[in-house]
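First comes the structure, then the notes that go with it.
The values are calculated or read from the model by the stated rules, or taken from the named source; none is laboratory data. The shown structure was predicted, so the numbers you read here are calculated from the model rather than taken from an experiment. Quick reminder, even Gly has a Cβ in these numbers, built from the backbone with ideal geometry, and neighbours come from all protein chains shown.
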Amino acid sequence: MCARKPCSAREEDARRSTACSSCITALAGIAPTEYGKKNAGSPASRCRIPKPGNHVPLLNPEYGRAACFMRNVAPSQKFDVAVVGGGPSGLSCAYTLAKKGLRVAVMERGRTPGAKNLFGGRVYSSPLEKVFPNFRKEAPIERWVKHEKMSVVADDGALSLDYDSKGSTSFTAYLPKLVTWMATKAEAEGAVMVSDVCVDGLAMDGHRVVGVTAGGDKIDADVVVLAEGVNRLLCEGMKVVPPLSAHQVALGVRQVVRLGSDKINERFCLAADEGLAWFFLGKPSDYMPGGGFLYTNSSTVSIGLVLYLEKGIQMSEKNVYDILERFRTSPPLGQLLAGGSLVEYGSHLIPEAGLKMMPDKLYGDGYVIVGDAAGLVLNLGYTVRGVDFAVHSGFLAAQAISDARSSNSFGASSLAAYEEKLNRSFVVKEMRRHGAIQKMMQKRQVFEAYPRIMVDAARRLYEFDEVSPKLLEAGRRSMKGRRSTIGVLGDLLALARGP
Ligand SMILES: Cc1cc2nc3c(=O)[nH]c(=O)nc-3n(C[C@H](O)[C@H](O)[C@H](O)COP(=O)(O)OP(=O)(O)OC[C@H]3O[C@@H](n4cnc5c(N)ncnc54)[C@H](O)[C@@H]3O)c2cc1C
């Protein structure tokens with residue numbers, strides 16, 4: 001497993017890659033300077049994290065921070081709102097505000113909007129439709145999900161549940177494409193997109209946030225929207241959240257395999273444009289807390305794993321890439337993806353601690369926190385919700401900021417309306433309602449014992465010579481040595497009781 005350092009009390013040794021110099025330099029085709037040569041060690045040694053009070057430029061010293069930062073924005077230009085992070089949460093907020101006539105700047109560290117965004121593949125559409133009226137016609141939707149599948153996999157077989165629906169409330173997508181589309185919509189409403197810039201600090205006036213800084217440059221704004229995603233370094237810098245810890249996150253790894261739409265339709269039994277969302281429990285994650293996923297796009301398939309980081313580090317020495325490769329090449333995926341070409345590979349962290357990793361307050365004097373930075377993700381094992389929560393939180397933040405502007409008051413008492421709206425919304429209600437399942441997802445036995453019990457019970461029920469066992473008998477025998485009846489009842493009770 002990677003990312004061992006945070007879990008072995010070596011956090012100081014672990015540097016998060018927020019502004020690696022070498023990659024931008026290579027992309028720009030610039031020969032390394034003395035600085036570059038000196039820092040030509042491991043990729044990690046070329047990256048930095050901002051430290052409070054440290055004004056070392058975070059942007060590439062060779063490529064030149066000013067060149068990127070000032071492309072769209074004049075120094076010290078004043079905006080109504082500065083959004084840090086051009087992901088789904090930041091862009092939904094920026095679009096809504098720009099549409100209301102506010103002057104908005106979005107700062108994104110990726111070279112283009114969407115360049116840094118990665119997810120599994122399915123989005124619930126309702127929040128997007130609320131924000132973007134022509135969403136269904138215009139957005140880069142791959143397929144509407146009409147088929148759901150859940151497979152529990154063990155060494156000697158798999159047990160699956162299929163659901164085919166007539167309607168659909170979710171679609172598959174490439175996040176970079178969706179984010180690019182959202183950025184175009186925000187720009188069309190007048191928002192200014194500033195790409196290739198890593199915001200390294202917040203400009204303060206006493207306790208009030210009054211803008212953002214990047215490598216010594218500054219943008220003034222009445223409100224700053226912290227939409228920086230799960231790796232919330234600015235929030236950490238302000239001490240509104242403790243440093244990220246392994247028990248709060250899962251590691252997501254994903255591959256995109258090109259198969260062509262005909263093969264996808266044929267192999268996954270789909271009509272044209274119909275999408276499939278498929279979740280896996282047990283062997284695909286090497287029996288570690290987490291699971292596997294597969295989504296069909298138009299002509300590609302996204303597959304991947306979500307592994308709870310702390311448990312994974314404790315339980316396995318294996319490389320995540322090897323676990324994913326085995327998942328991709330073993331039954332049933334091996335045959336289904338045969339002949340496909342691997343076109344993309346990526347990984348990203350996912351907030352998994354639910355409301356426990358939400359900052360105590362999502363607002364303060366001159367700022368609000370939205371999306372993954374606020375911990376707004378719900379992984380239920382059979383579906384993952386993050387993009388729709390991010391979009392809705394950005395939308396609610398925009399409403400609160402717009403109201404604050406009407407009264408020309410951007411202090412904590414005005415921006416508190418955002419948190420009130422969020423608490424009343426489906427986002428927080430859903431996270432509260434499903435708190436128990438999130439707790440369950442951290443338990444080893446759910447991923448280790450239960451898949452083996454379920455597959456073994458199915459084997460007993462279906463594979464017999466003359467005498468077929470009764471249902472309960474098969475279950476009881478399969479549980480033997482794996483989980484006690486009291487243990488199972490305890491798990492069911494914990495699930496029913498809630499958090
Ligand atoms: C493997 C995986 C599978 C997932 N599957 C699903 C799924 O199927 N469905 C679903 O709904 N959700 C899924 N999610 C969750 C979903 O991707 C997130 O919840 C969602 O992207 C959050 O949006 P966001 O805008 O808050 O953050 P992000 O999408 O992380 O965007 C944050 C942006 O901020 C930028 N940024 C960060 N710091 C700075 C800085 N200092 N300066 C400038 N820019 C900065 C980043 O480059 C990034 O573009 C998955 C996530 C992963 C990792």
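Listed by first and then second residue, the pairs with beta-carbon distance under 6 Å, at least 6 apart or on different chains, first residue in the range 241-259 and closer than 18 Å to GLY291 by Cβ, second within 13 Å of the ligand (Cβ to nearest atom) and assigned to a loop (DSSP other than H, G, I, E, B), are VAL249/GLU352; ALA250/GLU352.
Looking at VAL212, VAL179, VAL225, just one residue is outside any strand (DSSP E or B), assigned by TED's automatic domain parsing to the domain that holds LYS116, surrounded by 24 or more Cβ atoms within 10 Å (Cβ to Cβ) and among the β-branched types (Val, Ile, Thr), and that residue is VAL179.
This table checks each residue for (1) at pLDDT 95 or above; (2) over 20 Å from LEU355 (Cβ atoms); (3) in contact with a helix residue (DSSP H, G or I) (Cβ under 9 Å, 6 or more places away or on another chain); (4) of a type in the set (D, E, K, R).
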{"site": "LEU380", "(1), (2), (3), (4)": "no, no, yes, no"}
{"site": "HIS392", "(1), (2), (3), (4)": "yes, no, yes, no"}
{"site": "GLN399", "(1), (2), (3), (4)": "yes, yes, yes, no"}
{"site": "SER414", "(1), (2), (3), (4)": "yes, yes, yes, no"}
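Name the single residue that is farthest from SER302 (Cα to Cα) among those in the range 102-121 being near the ligand (Cβ under 9 Å from one of its atoms) and either touching a Pro at 6+ places or on another chain (Cβ under 6 Å) or small (Gly, Ala, Ser) (or both). The residue in question is GLY110. The set of residues from the range 361-397 being near the ligand (Cβ under 9 Å from one of its atoms) and in a helix (DSSP H, G or I) comprises GLY371, ASP372, ALA373, ALA374, VAL387, ASP388, PHE389, ALA390, VAL391, SER393, GLY394. The range 434-499 holds no helices (runs of 4 or more DSSP H) entirely within its bounds that carry 3 or more residues that are loosely packed, with under 11 Cβ neighbours inside 10 Å and at pLDDT 85 or above.
What pairs can you find where one residue is in the range 444-459 and more than 15 Å from SER285 (Cβ to Cβ), the other is of a type in the set (S, T, N, Q), and their Cβ atoms are less than 7 Å apart, with a gap of 6+ or different chains? Qualifying pairs under 7 Å: ILE453/SER478; ASP456/SER478; ALA457/SER478.
Among the residues that make up the range 229-238, is at least one of them of a type in the set (Val, Ile, Thr), touching a residue at least 60 places away in the same chain (Cβ under 8 Å) and away from the ligand (no atom under 11 Å from the Cβ)? Within the range 229-238 (the criterion being of a type in the set (Val, Ile, Thr), touching a residue at least 60 places away in the same chain (Cβ under 8 Å) and away from the ligand (no atom under 11 Å from the Cβ)), the answer is no, since none of the residues qualifies.
Yes/no matrix, rows are residues, columns are (1) surrounded by 19 or more Cβ atoms within 10 Å (Cβ to Cβ); (2) among the basic types (Lys, Arg); (3) not assigned by TED's automatic domain parsing to the domain that holds LEU376:
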| position | (1), (2), (3) |
| --- | --- |
| ILE401 | yes, no, no |
| ASN408 | no, no, no |
| GLU420 | no, no, no |
| ARG424 | no, yes, no |
| LYS429 | no, yes, no |
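Restricting attention to the range 182-196, the residues being touching a strand residue (DSSP E or B) at 6+ places or on another chain (Cβ under 8 Å) and either in a loop (DSSP other than H, G, I, E, B) or small (Gly, Ala, Ser) (or both) number 4. Within the range 236-276, the residues that satisfy the criterion of being outside the structural domain of ASN379 (by TED's automatic domain parsing) and on the phi > 0 side of the Ramachandran plot are GLY260, CYS269, ASP273. Within the range 122-144, the presence of a residue that is within 10 Å of the ligand (Cβ to nearest atom) and of a type in the set (Asp, Glu) is excluded. In the range 402-416, the residues that are free of Cβ contacts under 8 Å to residues at least 24 places away in the same chain form Cβ pairs under 8 Å with partners that are surrounded by fewer than 16 Cβ atoms within 10 Å (Cβ to Cβ) and not in a helix (DSSP H, G or I), at six or more places apart or across chains, as follows: SER414/SER407. The residue that is farthest from ALA390 (Cα to Cα), among those in the range 85-101 that are near the ligand (Cβ under 6 Å from one of its atoms) and in contact with a helix residue (DSSP H, G or I) (Cβ under 7 Å, 6 or more places away or on another chain), is GLY86. When each of LEU102, LEU118, LEU128 is tested for being part of a helix (DSSP H, G or I) and not small (Gly, Ala, Ser), the lone residue that passes is LEU128. For SER414, indicate whether it is polar (S, T, N, Q), more than 24 Å from HIS348 (Cβ to Cβ) and surrounded by fewer than 19 Cβ atoms within 10 Å (Cβ to Cβ). Taking the combined requirement at face value, the residue does not satisfy it. Scanning the range 305-355 for residues that are in a strand (DSSP E or B) and of a type outside the set (Gly, Ala, Ser) gives LEU305, VAL306, LEU307, TYR308, LEU342, VAL343, GLU344, TYR345, HIS348, LEU349, ILE350, PRO351.
As for the range 154-168, it holds at least one residue that is within 16 Å of the ligand (Cβ to nearest atom), outside the structural domain of SER285 (by TED's automatic domain parsing) and out of contact with any Cys (no Cβ under 8 Å at 6 or more places or on another chain).
In the range 119-145, the residues that are in contact (Cβ under 8 Å) with a residue 24 or more places away in the chain and more than 14 Å from ALA173 (Cβ to Cβ) form Cβ pairs under 9 Å with partners that are assigned to a loop (DSSP other than H, G, I, E, B) and of a type outside the set (Phe, Trp, Tyr), at six or more places apart or across chains, as follows: SER126/THR169.
Going residue by residue through the range 255-270, is there one that turns out to be within 26 Å of VAL377 (Cβ to Cβ), at pLDDT 95 or above and within 13 Å of the ligand (Cβ to nearest atom)? Spell out the reasoning first.
Keep residues of the range 255-270 that are within 26 Å of VAL377 (Cβ to Cβ), which gives 255-257.
Right, trim to at pLDDT 95 or above and you get 255-257.
Next, only the ones that are within 13 Å of the ligand (Cβ to nearest atom) stay: 255-256.
So far as the range 255-270 goes, yes, one or more of its residues are within 26 Å of VAL377 (Cβ to Cβ), at pLDDT 95 or above and within 13 Å of the ligand (Cβ to nearest atom).
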